[in-house]
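Taking it in order: structure first as structure tokens, then the write-up.
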Amino acid sequence: MLSPELWAQSLWETLYMVIVSTAVSYLIGLPLGLLLVVTDKGGIRPMPPLNAVLGVIVNILRSIPFLILAVMITPMTRAIAGKAIGTTAMIVPLTVAAAPYVARMVESSIKEVPFGVIEAAQSMGATPWQIVWKVLVPEAKPSLMVGGAISIVTILGYSAMAGFIGGGGLGTVAVNYGYNRYNFEIMLVAVIIIVIVVQIFQVCGMWLARHLDKRNR
Amino acid sequence: MEQDCIVRIQNLNKTFRGRAGTVTALDGVSLDIYRGEIFGIIGLSGAGKSTLVRCINFLETPTEGTVTVDGQELGSLSKKALLEARRSMGMIFQQFNLLQQRTALQNICFPLEIAGMKKADAEKRARELLEIVSLSDRADNYPSQLSGGQQQRVAIARALASNPKILLCDEATSALDPTTTRSILALLKEINKTLGITIIVITHEMAVIEEICQRVAIIDSSRIAEVGPVEQVFTRPQSAMAKQLIYPDGKRDKLATGKHYCRIVFDGNSSFEPVVSNMVLECKAPVNIMFADTKDIDGRAYGQMILQLPEDERAAKRALAYLETQNVHVEEGDADAFT
């Protein structure tokens with residue numbers, strides 16, 4: 001069995017990878033998702049060509065399996081992070097894979113805001129920018145939180161896969177000890193820890209979403 | 001007398017290009033709406049009335065024609081000026097369209113915030129408005145904690161926040177029960193009277209028009225069928241759509257037989273006189289009252305009655321001749337004429 005320190009370090013690496021990648025993915029995915037909604041045909045600033053181009057890019061990135069994508073963009077990872085393996089380096093492929101996913105999650109949350117509310121804001125002379133930041137995002141906040149919980153769990157899944165390509169964290173433990181050395185016990189513990197982390201993220205996300213939603217008052 | 005026109009709509013056309021081809025929503029609509037009046041636009045669903053009201057604040061851009069609001073032709077304005085112009089018009093909706101994640105007070109602050117007012121000033125103004133719509137005790141409630149009527153009151157307060165000259169009401173009472181509808185209509189009337197705001201009401205319910213409007217336009221399949229003062233349109237409807245909206249439903253069945261019918265319309269003066277009884281006594285001919293409905297409109301009584309006259313030609317003529325001498329409007333016809 002591994003030392004508790006090693007387990008703690010692996011867990012820390014996983015959390016670090018997941019949280020930073022999620023944050024960066026939202027930094028890219030949130031504006032991208034908003035842009036997808038705003039420039040859509042019935043959106044508040046329809047721009048069909050831009051919308052089509054963004055849609056295609058998102059779809060391409062979404063259709064490549066994470067492991068293959070991570071290997072494919074190794075040169076880019078090296079250029080950005082200075083190396084291709086290790087926890088910090090993994091943040092690059094995780095973000096590239098997750099940002100389009102996040103964009104789609106954001107898009108679907110924002111589309112839940114009833115058109116009437118947008119129309120009301122337009123009737124008051126709101127600019128598209130004001131509609132986005134004062135209507136769409138605040139009104140979709142609970143749904144965005146749910147999307148956030150789902151996204152972070154997905155990214156955690158990717159990060160575990162990253163174990164196969166030297167990503168570090170719990171995934172690497174499971175791969176190195178469980179898969180390569182047939183140590184079923186260690187693999188099981190790694191999996192259990194991952195499951196617990198997923199549970200925590202999911203429960204916290206849902207609780208936050210419910211708590212933030214003023215419609216449930 | 002030349003009326004002061006706050007909204008002038010000229011030759012408005014609006015077509016939508018859809019999957020099923022081009023759909024005409026408005027076809028050559030021209031309307032003048034006077035400053036300070038409550039103007040009604042009534043029609044069946046799909047007639048184009050919602051599109052028409054959205055053309056007044058350019059939420060929909062007309063395909064052709066002009067909309068002039070308070071001297072400004074909206075089509076000629078820059079984007080920025082158009083947003084500015086929209087702030088001079090408030091709008092309320094059937095589904096209230098409040099921001100669900102904001103309290104009543106914060107909802108009313110919203111238009112002020114986007115216009116760049118300081119937060120403290122906006123809140124002060126919002127509280128005044130809550131007072132006007134009698135919801136001061138609900139300032140910190142979220143829309144989900146308010147009834148439909150209360151939500152619409154918040155929406156009205158929000159629409160009034162930027163001191164508009166015009167209030168557009170798109171089926172504002174259609175989602176409310178009759179009692180709440182009445183209280184919302186009373187509030188609109190009061191706002192019109194005390195603040196002098198011109199109100200444009202879109203509805204499919206004749207009762208709403210009768211209750212608060214001074215003038216009405218009837219819209220039928222994308223065109224204006226009839227415009228006039230409510231009493232006039234109500235008592236002497238000219239267009240088929242006006243008749244359909246004003247006459248009671250299902251009357252055709254009841255009037256299946258018989259030749260001589262007449263519709264008599266009472267104006268404010270004569271509805272308290274026993275016109276029908278007098279006619280029966282005078283002409284010694286029995287009549288059958290097929291339908292009767294009298295209402296109080298704007299402080300005066302109006303009403304209509306549909307009578308089945310005697311089968312005998314001479315008796316029927318006599319009855320009609322008697323009615324003509326009375327201070328009522330009489331229309332003669334057979335059963336089909338009144339459907």
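The values are calculated or read from the model by the stated rules, or taken from the named source; none is laboratory data. This one's a predicted model, so the numbers in the text were calculated from it and none came from an experiment. With ideal geometry, Cβ positions are generated from the backbone for all residues, glycine too; neighbour counts draw on all protein chains shown. Side chains are part of the model used for accessible areas, which takes the heavy atoms of the whole protein and leaves out ligands, DNA and RNA. Shrake-Rupley method; radii C 1.70, N 1.55, O 1.52, S 1.80 Å.
Here the average projected area of the convex hull drawn through the C-alpha atoms of the protein assembly as shown stands at 35.1 nm². Accessible-area loss of 40 Å² or more (1.4 Å probe, protein heavy atoms, chain alone versus all protein chains) is found in the stretch B:35-83 for B:L59, B:L83. Total buried accessible area between B and A, probe 1.4 Å, nearest 100: 2100 Å². Note on exposure: A:I44, A:I155 ranked by accessible area (1.4 Å probe, complete protein assembly) read A:I44, A:I155, with the most exposed listed first.
Listed by chain and number, the lysines whose C-alpha is less than 29 Å from the C-alpha of B:K118, apart from same-chain residues fewer than 8 away, are A:K134, A:K141, A:K214, B:K79, B:K80, B:K165.
Other protein chain C-beta atoms within 10 Å of residue C-beta, averaged over A:123-135: 6. Globularity index of the stretch B:28-123 is 1.26 (Cα radius of gyration / 2.2 N^0.38 Å, N = number of residues).
Largest first, the three principal axis extents of the alpha carbons in the stretch A:75-193 are 66, 34, 14 Å in whole numbers. Accessible surface comparison of B:T51, B:T198, probe 1.4 Å, protein chains only, largest first: the order is B:T51, B:T198.
Remark: the stretch B:5-245 carries 41 Å² of accessible area per residue (probe radius 1.4 Å; ligands, DNA and RNA excluded).
How much area per residue is accessible in the stretch A:1-110 when the probe is 1.4 Å and only protein heavy atoms are counted (Å²)? Normalised by residue count, the accessible surface of the stretch A:1-110 is 49 Å².
Distance distribution P(r), the stretch B:60-212, all Cα-Cα pairs, bin width 10 angstrom from 0: 11, 39, 35, 14, 1 percent. For chain B, the relative contact order works out to 17 percent when only alpha carbon pairs closer than 8 Å and six or more residues apart are counted.
Kirkwood Rh over Cα pairs of chain A into Stokes-Einstein at 4 °C, 1.567 mPa s: D in µm²/s? Answer, rounded: 69 µm²/s. Show which lysines lie in cross-link reach of B:K295 when reach means a straight Cα distance below 24 angstrom and same-chain residues fewer than eight apart are skipped. Cross-link targets: B:K189, B:K193, B:K243, B:K251, B:K254. Cross-link partners of B:K49 among lysines, defined as those whose alpha carbon lies under 16 angstrom from its own and excluding same-chain residues fewer than eight positions apart: B:K14. Just add up the charged neighbours of B:K284: K/R +1, D/E -1, any other residue whose Cβ is under 12 Å from the Cβ of B:K284. Here the charged neighbours net out to 0. With 10 Å bins beginning at zero, the pair-distance distribution over Cα atoms of chain B amounts to 5, 22, 27, 21, 14, 7, 3, 0 %. One way to sum up the overall shape of the stretch B:147-227 is the equivalent ellipsoid from its Cα gyration tensor, whose semi-axes run 21, 16, 12 Å, largest first.
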